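Everything on this sheet refers to the single structure shown next.
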Amino acid sequence: MQSGDAIEIEILEDAGRIEAAWWDLWHRDPHATPFQSPAWLLPWRRYFAVGDDAILSFWEKDHLIGLLPLFEHEGQLLPWGAGTSDWLDGVFYPSLDPAALSRGIAALMQPVDLFQLRTGSPLLRMPVPWGWCEKAGPAESCAVLSLPMQPNKKMAQNLRYYRRRAARAGLGEPCRGTARDIDALADLHTRRWNGRDEPGIFADPRMLGWLREALAALEAAGLLRLYLLRNGSETLAALCAFGAKGRSYYYIGGFDPEHAALGLGTVLVGHAIEEAQREGHRSFDFLRGREPYKYHWGAVDEPTHGRQFIPPDREHADEQR
């Protein structure tokens, strides 16, 4: 443990024991997304348990004021959630001095690769640790729709058209699902991708196990928004989103490919956007990926950023090679 400016820096090996403090910190960070919550990341780490942990924590008078969970992968430290999460960051008190973050990174003594950081993240403002080198640049953007939605004429017509078609086909109105509906969503998602001769993300068995746990925890925390379209007891389309702090996040969806002509994806996305507006959210985040449908709704790219920090001994070793 290091101390300086009344802030103690500790590198933990087990984040589960500080879950309550982590939740308290998450609620105090106005920019923390569901992807930084313990509901999302603790189950993620149980299923994606490759490499050693280096959980960087910052304390002031026994209060957790900053947390950056990292794991070792191919000789460097990456944020928990890498590969399956669209926003990657730590969780911080707004008043935390970015210089403390720099001391924390230096204490790790390993290369650190941070990416998918929002504009304004404290990890972007922190100075480079003394003697270290930095590589910085853009990361993959997310497509974000400002709310309230103002769809163009064609999009509004499409939404009305597909809603009428769904009603004529006997489908009920979109309804709210629960975390248990992830199995139906996974099946629909997989069937759609298999129709394209691609496996889909659930070909990795860890994905479904992780999401079963994570969605249950997010639901308990009031962050899950899962919507369904059903024909009687049969689920024909599902959409999984999250909502927190004035923003909705569309994570994954699926629909029965045999009913593709009904535009069920359009119907559910429109419903999810309207529900986000009803909650008073200011934006609907389609997350990464430049699929055209996102921009048809009016989304625009929101940049994310990356910073890679290289300790002095590693930089010299790379030069010698």
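The values are calculated or read from the model by the stated rules, or taken from the named source; none is laboratory data. None of the values given here were measured: they were computed from a predicted structure. Here the Cβ positions follow ideal geometry from the backbone for every residue, glycine too, while neighbour counts run over all protein chains shown. Keep in mind that these areas ignore ligands, DNA and RNA; they rest on the heavy atoms of the full protein, side chains included. Shrake-Rupley method; radii C 1.70, N 1.55, O 1.52, S 1.80 Å.
Distance in nm between label sites at Glu291 and Asp183, each 7 Å beyond Cα in the beta-carbon direction?
2.5
Classify the stretch 135-275 as rounded, prolate or oblate from the Cα gyration tensor: take a ≥ b ≥ c as the square roots of its eigenvalues, call it rounded if a/c is under 1.5, otherwise prolate when a/b beats b/c and oblate if not.
Rounded.
Roughly how many nanometres apart are two label points built 7 Å out from the Cα toward the Cβ at Ala6 and Asp197?
6.5
Going Cα to Cα from Lys61, which aspartates and glutamates come in below 14 Å? Please leave out same-chain ones fewer than 8 positions away.
Correct list for Lys61: Asp5, Glu8, Glu10.
Using the 2.2 N^0.38 Å rule of thumb for compact globular proteins, work out how the stretch 153-212 stacks up: its C-alpha Rg over that value, please.
On the way: Rg = 15.3 Å, N = 60, 2.2 N^0.38 = 10.4 Å.
Relative to the rule-of-thumb radius for its length, the stretch 153-212 sits at 1.47.
Treat every Asp and Glu Cβ in the stretch 205-321 as -1 and every Lys and Arg Cβ as +1, leave all other atoms uncharged, and give the resulting dipole magnitude about the Cα centre to the nearest 20 debye.
Magnitude of the dipole: close to 180 debye.
Between beta-carbons, use under 13 Å as the cut-off and find the net charge around Leu188, counting Lys and Arg +1, Asp and Glu -1.
Neighbourhood net charge equals -3.
Ignoring ligands, DNA and RNA, what percent of the accessible area of the stretch 194-260 is carbon or sulfur (1.4 Å)?
47
Based solely on C-alpha atoms, express the radius of gyration and the Dmax of the stretch 233-304 in angstrom.
Just the Cα atoms of the stretch 233-304 yield Rg and Dmax of 12.8, 41 Å.
Counting each DSSP H run of 4 or more residues in the chain as -39500 (n - 2.57), what helix-only mean residue ellipticity at 222 nm follows after dividing by all residues, to the nearest 500 deg cm²/dmol? Don't skip to the end; give the middle numbers.
On the way: 10 runs with 109 residues, N = 321.
For the chain, the value works out to -10500 deg cm²/dmol.
What number comes out for accessible area per residue over the stretch 226-318 if the probe is 1.4 Å? Units Å², please.
Spelled out: the 1.4 Å probe surface of the stretch 226-318, per residue, equals 39 Å².
With the Cα gyration tensor of the chain in hand, convert its eigenvalues to equivalent ellipsoid semi-axes via √(5λ) and list them largest first in whole Å.
39, 19, 19
For Asn231 and Gln157, compute 0.36 nm times the residue count separating them, minus their Cα-Cα distance, and round to one decimal in nm. Don't skip to the answer; put the middle values down first.
Working: separation 74, 0.36 × 74 = 26.64 nm, distance 2.34 nm.
That pair, Asn231 and Gln157, stretches by 24.3 nm at full extension.
Working from Cα positions, state the angle (0 to 90°, nearest 10) between the long axis of helix 98-108 and the longest principal axis of the chain.
Rounded to the nearest ten degrees, it is 80.
Quick check: at a probe of 1.4 Å, how many percent of the accessible area of the stretch 1-129 sits on carbon and sulfur atoms?
Values: 2590 of 5190 Å².
Heavy-atom surface of the stretch 1-129 belonging to carbon and sulfur, 1.4 Å probe: 50 percent.
Taking every alpha carbon pair in the stretch 92-135, what does the distance histogram look like in 10 angstrom bins from 0, in percent?
Result returned by the calculation: 27, 59, 14.
Rounded, prolate or oblate: which fits the stretch 66-161 when a ≥ b ≥ c are the square roots of the eigenvalues of the alpha-carbon gyration tensor, with rounded for a/c under 1.5 and prolate only if a/b beats b/c?
Verdict is prolate for the stretch 66-161.
How much of the calculated P(r) for the stretch 29-71 lies past 13 Å, in percent of all Cα pairs?
So the pairs more than 13 Å apart make up 62 percent of the total in the stretch 29-71.
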